[in-house]
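Asker: One structure follows; several queries about it will come next.
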Amino acid sequence: MKKFAIAAAALGMSMAAALQPTTAKAEESWPPRKITFVVALGPGGSADRTARALAQRLQDELETPISVINQEGGGGHVGHTYFSQMPKDGSYFLATSIHPYISNAILRFDADYTLDDFAFINGQWNDHDLFAVNAETPYKTLAEFMDAAKAEPGKLKVSVVPGSTGAINLELALEAFGVDKSAVNIVTYQSGGKARTAVAGGQVDMTVLAADGTLSIAEYVRPLALAADVPSEDWDAPTLNQALEKNGLEAVPVLAGSMRGLAAHAEFRKNHPEAFQKMVDAYKAVLEDEAFVKSLKEQKIGAEWLGPERTTEIINSNFEVLKRFDTKE
């Protein structure tokens, strides 16, 4: 009887071990022999360049090769769908403009995925929107511009690209300052270049567009505010919320522009948390490498570390703003 009890106990232990999740083995064996970065946009663009530069440096840190493939179409939707169908064991990552493309695709298409299906790791390169007036206008602050719009409704013109984060940031600012949308004449252009040319040439009084791109017309404009968490080294202007706070007004959500970065499958983070953390730590480490960061800057690629929590917080809060202003009909 005693021998039977011992044998039964041993059998039970062996069966329990056999039925244990393979998580421990997965943590030990990660990274895999090969990692693939999926770019949901075309080759040569800012997201693609960011992904390839990161892959080249990160594969040295992880000591495993990383390949980059492009799956473009549908404003990122094709690539997001392709990624969602790939193995969720940490061998595939979405290295693309993770915002606002994923959110917009969810809102505009019958997507089989939601934000909860992605484990966002970092928003590395964030193109924030700049409120800038023509340099010949008298406005020194955003509050002065808004006061002028109230005083003479319909006189001031603002250039934006329809459906862009700049267009939404303009509406958020108007609301925050208590200015009706009809008080400004919103002139839409189908490209940022044309919208910038309009403000540089004085055809409009102000534009709300990506700050990095607006550097090309810096001598023709005066910056009033930046839709970002912190001010920019390139522009002598407060953040939008700093401008609001100075005037005793409530803050608005920081609606980020194009955020190039990295995401994993949510299942990978849930089932293999230690392996997920290895990727987080490796990513952070390469962005602490001064030589790598210098090379990124030389390529005009951002190198910001937000981390999983802050990146996810921004994307989730921005999704609610995008949903509110969604005009897909």
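The values are calculated or read from the model by the stated rules, or taken from the named source; none is laboratory data. Keep in mind the model is a prediction, meaning the values are calculated, not measured. Glycine also receives a Cβ, built like all others from the backbone with ideal geometry; neighbour counts cover every protein chain displayed. For the accessible areas, the whole protein counts, side chains as well, though only heavy atoms, and no ligand, DNA or RNA atoms are used. Shrake-Rupley method; radii C 1.70, N 1.55, O 1.52, S 1.80 Å.
Asker: Among what's in the range 39-73 and is assigned to a loop (DSSP other than H, G, I, E, B), without any contact (Cβ under 8 Å) to a residue 60 or more places away in the chain and not small (Gly, Ala, Ser), pick the residue that is surrounded by the fewest Cβ atoms within 10 Å (Cβ to Cβ). Steps first, please.
Answerer: Of the residues in the range 39-73, the ones assigned to a loop (DSSP other than H, G, I, E, B) are 40-45, 63-65, 71-73.
Applying the additional criterion that residues be without any contact (Cβ under 8 Å) to a residue 60 or more places away in the chain yields 42-45, 63-65, 71-73.
Now narrow it down to the ones that are not small (Gly, Ala, Ser): 43, 63-65, 71-72.
Working: 43: 13, 63: 8, 64: 15, 65: 12, 71: 19, 72: 19.
Once the filter is applied, the top-ranked residue is 63.
Asker: Tell me which residues, restricted to the range 230-257, are in a loop (DSSP other than H, G, I, E, B) and of a type in the set (Val, Ile, Thr).
Answerer: 230, 252, 254
Asker: For the range 272-299, enumerate the residues that are under 29 Å from residue 165 (Cβ atoms), touching a residue at least 40 places away in the same chain (Cβ under 8 Å) and not in a helix (DSSP H, G or I).
Answerer: 287, 299
Asker: Another question, then. Would you mention how many residues in the range 101-160 are of a type outside the set (Val, Ile, Thr), closer than 21 Å to residue 210 by Cα, surrounded by 14 or more Cβ atoms within 10 Å (Cβ to Cβ) and in contact (Cβ under 8 Å) with a residue 60 or more places away in the chain?
Answerer: 20
Asker: Please go through the range 311-320 and give me each residue that is touching a residue at least 60 places away in the same chain (Cβ under 8 Å) and either open to solvent by 40 Å² or more (accessible area, probe 1.4 Å) or hydroxyl-bearing (Ser, Thr, Tyr) (or both), ordered by number.
Answerer: Of all residues in the range 311-320, those touching a residue at least 60 places away in the same chain (Cβ under 8 Å) come to 311-312, 314-320.
Hits for the range 311-320 are 311, 312, 316, 317, 320.
Asker: While we're looking at this one, here's another question. How many residues does the range 198-218 contain that are on the phi < 0 side of the Ramachandran plot and modelled with pLDDT of 95 or more? Break it down stepwise before answering.
Answerer: Of the residues in the range 198-218, the ones on the phi < 0 side of the Ramachandran plot are 198-201, 203-218.
Restricting the remaining residues to those that are modelled with pLDDT of 95 or more gives 198-201, 203-208, 217-218.
Result for the range 198-218: 12.
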